[in-house]
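*Asks:* First the structure, which I've put down as structure tokens, then a few questions once you've had a look.
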Ligand code: AHM
Ligand code: MG
């Protein structure tokens, strides 16, 4: 049973002492957690606060912005830019790398985030989340440029997500396993509820948007067909399908119950490179999944090894239990060598 009384800040201070970690990282994680609490609060009022629905604007990816996408993005900027430890921020909702305004002190950290992931779910009151990734640069850059702040995922020093579901949770790794916190509304603090999450190998759930099946590559089709064949197919056991269209909720389920989450590159999205974005969706989730003993790949490359200098780069994502992801990698390599 985890120590129910430990708040997030207590946990972070304890971890900092134990690992002799950087004080600035604790400051930043505390700012991010505060931003997540503020987003959670905005979401709770829903239609009563007139925060649902679309704006007339589009983000850089050509997606119509929801009111709450913009509200959540502003919350992250305002809560984190004054921390004094950031060199820059990168957000799904902003075209360019966001430099820290000149009135604030700057530091060596870069915060990359999707302020409200799965936002198509907001208007139907289904779980959404915020995703964040943290990089530490060798030094505070004079002037932010993509090359300086866009680092491969293996350089992440921390990553996590907030899940706004029936309860609000923060799931976090600083490179020492994955821990889950639940927001205690009575004291307005996240409290540790699950220590050291490990992904089960015997899960039987797969999550993929099956409406895209006709565009899948053969290795993905083979893997899914075999899951669907269940007991009567080569896998010899039955599987269940899940699709929430909210990556945070899907990854949370994978961390707790095993199985896989797949958003592949297919013939329809190939020109874009896939659907999910590398820096603030794939990288932080891959970091968490690996920290919990799982694997994350494009099918042909470990996600955390990908290098890119485009802040909104998209990549195929397959993550979850080791044996299932290894099977997907094997199917890709068999297909590629024929
Ligand atoms: P978003 O950042 O615009 O919300 O898009 C990302 C989301 C993921 O949370 C989810 O896995 C996927 O898009 C759902 O895609 P689809 O609409 O194909 O179901
Ligand atoms: Mg997103």
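The values are calculated or read from the model by the stated rules, or taken from the named source; none is laboratory data. What you see is a predicted model, and the numbers here were worked out from it, not measured in a lab. Cβ coordinates were reconstructed from backbone atoms using ideal geometry, including for glycine residues, and neighbour counts include every protein chain displayed.
*Asks:* So which strands (runs of 3 or more DSSP E) are wholly in the range 234-333 and hold at least 2 residues that are at negative phi and touching a residue at least 40 places away in the same chain (Cβ under 8 Å)?
*Replies:* Here the list reads 260-263, 317-320.
*Asks:* Now, a different point. For the range 299-326: of the residues being buried (at least 18 other Cβ atoms within 10 Å of the Cβ) and more than 20 Å from residue 92 (Cα to Cα), which is nearest to ligand 2 (Cβ to nearest atom)?
*Replies:* 319
*Asks:* Report whether or not residue 281 is in the same structural domain as residue 297 (by TED's automatic domain parsing) and more than 23 Å from the chain's Cα centre (by Cα).
*Replies:* Working: in the same structural domain as residue 297 (by TED's automatic domain parsing): yes; more than 23 Å from the chain's Cα centre (by Cα): no.
Answer is no for this residue.
*Asks:* Which condition does residue 123 not pass, out of (1) surrounded by fewer than 17 Cβ atoms within 10 Å (Cβ to Cβ); (2) away from ligand 1 (no atom under 16 Å from the Cβ), if it passes all the others?
*Replies:* Condition not satisfied by residue 123: (2).
*Asks:* Condition first: within 16 Å of ligand 2 (Cβ to nearest atom) and either buried (at least 24 other Cβ atoms within 10 Å of the Cβ) or over 20 Å from residue 294 (Cα atoms) (or both). Can you find one or more residues in the range 172-188 that meet it?
*Replies:* No; the residues of the range 172-188 include none that is within 16 Å of ligand 2 (Cβ to nearest atom) and either buried (at least 24 other Cβ atoms within 10 Å of the Cβ) or over 20 Å from residue 294 (Cα atoms) (or both).
*Asks:* If the Cβ limit is 6 Å and pairs must be 6+ apart or interchain, which residue in the range 199-216 that is over 18 Å from residue 235 (Cα atoms) pairs with which residue that is exposed (fewer than 13 other Cβ atoms within 10 Å of the Cβ)?
*Replies:* Pairs that qualify, where the first residue is over 18 Å from residue 235 (Cα atoms) and the partner is exposed (fewer than 13 other Cβ atoms within 10 Å of the Cβ), are 215/267; 215/268.
*Asks:* When the range 83-133 is examined, which residues are found to be part of a loop (DSSP other than H, G, I, E, B), within 12 Å of ligand 2 (Cβ to nearest atom) and over 15 Å from residue 312 (Cα atoms)?
*Replies:* Of everything in the range 83-133, just one residue is part of a loop (DSSP other than H, G, I, E, B), within 12 Å of ligand 2 (Cβ to nearest atom) and over 15 Å from residue 312 (Cα atoms), namely 118.
*Asks:* Looking at (1) modelled with pLDDT under 80; (2) buried (at least 17 other Cβ atoms within 10 Å of the Cβ); (3) assigned to a helix (DSSP H, G or I), which is the only condition residue 52 fails?
*Replies:* Here residue 52 meets the rest and fails (3).
*Asks:* Looking at the range 217-231, can you tell me whether even one residue there is outside any helix (DSSP H, G or I), in contact (Cβ under 8 Å) with a residue 40 or more places away in the chain and over 29 Å from residue 165 (Cβ atoms)?
*Replies:* Looking for residues that are outside any helix (DSSP H, G or I), in contact (Cβ under 8 Å) with a residue 40 or more places away in the chain and over 29 Å from residue 165 (Cβ atoms), one finds at least one in the range 217-231, hence yes.
*Asks:* Also, quick follow-up: Looking at the structure I just gave you, is residue 200 more than 16 Å from ligand 1 (Cβ to nearest atom), surrounded by 15 or more Cβ atoms within 10 Å (Cβ to Cβ) and in a helix (DSSP H, G or I)?
*Replies:* No; evaluated as a whole, the condition is false for this residue.
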